[in-house]
Amino acid sequence: EYNDDVHTIVVPMKPHSVVLLVDGDVAFGSATIGPAISSFERTTIHDFVPLLDWKSWRAPPVSFRGTAACQETSARTPAPIEQTILLHDRKHPIWSDYAWYSTEFTLKKDTSESWLLSIDTQKAVAMLVYFDGIYQGTAENHEHAEGSVTFQFPMKKLFAGPHVLSILSESLGYHNLVGRWGGGVGPKPKGITGNVTLVGIAGSNKNHSLVDGNFRWCSLGGLQGEMLGLNLPADGDSWKRWLPQKNASLPFNRNHHQGPRWTTANFDTPLFDKVDQRLYLDITIGRGHIWLNGHDLGRYWNITRGADSEKVTPERDFTTSDQKQETIGHDVDYSQRYYHLPQELLKTEGSLNALVVFNVFGQDDMGNGKALQIVLSWTEPSLIHSFEDTVGFSDSCLV
C-alpha cells in the first residue's frame, strides 16, 4: 500500500522472494515466476569458425646466467623477492599471475642418488622447477585458503660443479574473505616466501640453504613472453616476433618437451546475430591465460569434477609428478570450458583476429582441432522446462 501522508510503501512479500518497485508499482516479483521462465534451450555450434596459422613455441626458463634482465645489478638480491611485491611495483606494475626466480650455486661433491628440493611458499600456488634449463617437475596447492606451505620436489643425482636453479611461480588466486573464515587482513603473499633448501644432498642430515645470504637471486615479475609483448598484435604479423633470433633475450627452443608453451592462431570475424548470439572459446586442455587482439581475457583452467561430483580433479596437492592433463571429450563435466570472446574486441575492418594462449602445462596438441575451438551459442524459448540453473551445469558459464 502507498501512503501519501508518510510517503511509505508497504508491499506484502512471500518468504525468500524478491520484489522490484518502479515509482511505487511492482514491476517484478520473484514469487510470481512460473515454470515457463526457465523453458529455454541452448544451441551451441562447435568449430563455428576455423582457427588459422597455428604456431607454438616452448618458453625456456629464466636463467640467472643467460637471461638479460637477470644481468642487471638491481635484479640480483640476497633472497627471492615475494611475488606480489614484484608485480605491484608502483612505478612499473605488472598484471600477471606469474613470477620467475633463478639462482646459481656450486656443488663441491656429487649429491646423493635421491634428495629433495624444499621451497617455502603459500597456499593456492603452483611451481615449476628447472635445473640447468631442464624441467624437473611441478607442485601445486589448490586450497581456497591462506597460510604457508612447503613444496618438496624429489630430485635425482646432481654432479659436482656449477648449477642453475630456475622456478616459475604461479598464483592460483587469492582468498578474498578479508578477516572472515580464515581470511587475514594483512598482505596476501605469493611466490617464494621463505627458505629454499637442498635436503639430503649428501646423506639424510646434509641440508644446504640457498637463502642464507651467500647466494644471489634473480626475481622477475611476469612471463618472459609478457615482457617482450608476445601477447600483443603487431600489424597483423604478430607471429614474426615469435621467431627465434640470434642473441635474442628469449631463445625459444622448439625441441624442448617439458614446460610452458605459447600458442598463437588467427581467425576471421564471422557473421552472427550480435544481439542474441555470442562467440566463445572452447578450451579443454591446460591452464594459463588468453589474449584476444592484445586484450587479456583472463585465466583459463580445464579443471573438472571428479566421479563423485564433489571433488575437483586433477588434484595434486604437494605432488611433483609431471602433469598428466589430457584432451578430453565433450562428455566431461568441466567447471568452465567456454570463455567469452567480447564482440567489441573483434576485428571489423577485414583483418584477422589474433588469439594468443599461454599454457603452463605445455601440451603439444593445443591445435588438434578438439582442445581449442571457437563456438557460437545462443538460447531460444522452448516448450520443455529443461534449462538448468546450477553452478555445476556444464553451460552455466554461457551468458
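Numerical summary
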| read-out | value |
| --- | --- |
| Residue that is modelled with the highest pLDDT [pool: residues in the range 377-391 that are among the hydrophobic types (A, V, I, L, M, F, W, C) and in a loop (DSSP other than H, G, I, E, B)] | LEU383 |
| Hey, ILE303 of a type in the set (A, V, I, L, M), modelled with pLDDT under 60 and open to solvent by 20 Å² or more (accessible area, probe 1.4 Å) or not | no |
| Cβ pairs under 6 Å, 6+ apart, first in the range 348-365 and closer than 19 Å to TRP100 by Cα, second at pLDDT below 85 and open to solvent by less than 10 Å² (accessible area, probe 1.4 Å) | GLY362/GLY259 |
| Index of the failed condition, GLY222 passing every other in (1) open to solvent by 10 Å² or more (accessible area, probe 1.4 Å); (2) touching a residue at least 60 places away in the same chain (Cβ under 8 Å); (3) not hydrophobic (A, V, I, L, M, F, W, C) | (1) |
| Candidate set: the range 137-163, residues that are touching a residue at least 60 places away in the same chain (Cβ under 8 Å) and open to solvent by 10 Å² or more (accessible area, probe 1.4 Å); chosen: the one nearest to the chain's Cα centre (by Cα) | HIS142 |
| Contacts under 7 angstrom Cβ, first residue in the range 185-204 being free of Cβ contacts under 8 Å to residues at least 12 places away in the same chain, partner open to solvent by 40 Å² or more (accessible area, probe 1.4 Å) and not in a strand (DSSP E or B), 6 or more apart | VAL185/VAL178; VAL185/GLY179 |
| Within the range 160-179, considering residues that are in a loop (DSSP other than H, G, I, E, B) and among the hydrophobic types (A, V, I, L, M, F, W, C), the one nearest to PRO80 (Cα to Cα) | LEU172 |
| Residue ranges of strands (runs of 3 or more DSSP E) in the range 6-97 with at least 2 members surrounded by 10 or more Cβ atoms within 10 Å (Cβ to Cβ), within 39 Å of the chain's Cα centre (by Cα) and modelled with pLDDT of 90 or more | 40-49 |
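The values are calculated or read from the model by the stated rules, or taken from the named source; none is laboratory data. Just so you know, these numbers come straight off a predicted model, no measurement behind them. All Cβ positions, glycine included, derive from the backbone under ideal geometry; neighbour counts span all protein chains shown. In case anyone asks, the SASA skips ligands and DNA or RNA and just uses the protein heavy atoms, side chains included. Shrake-Rupley method; radii C 1.70, N 1.55, O 1.52, S 1.80 Å.
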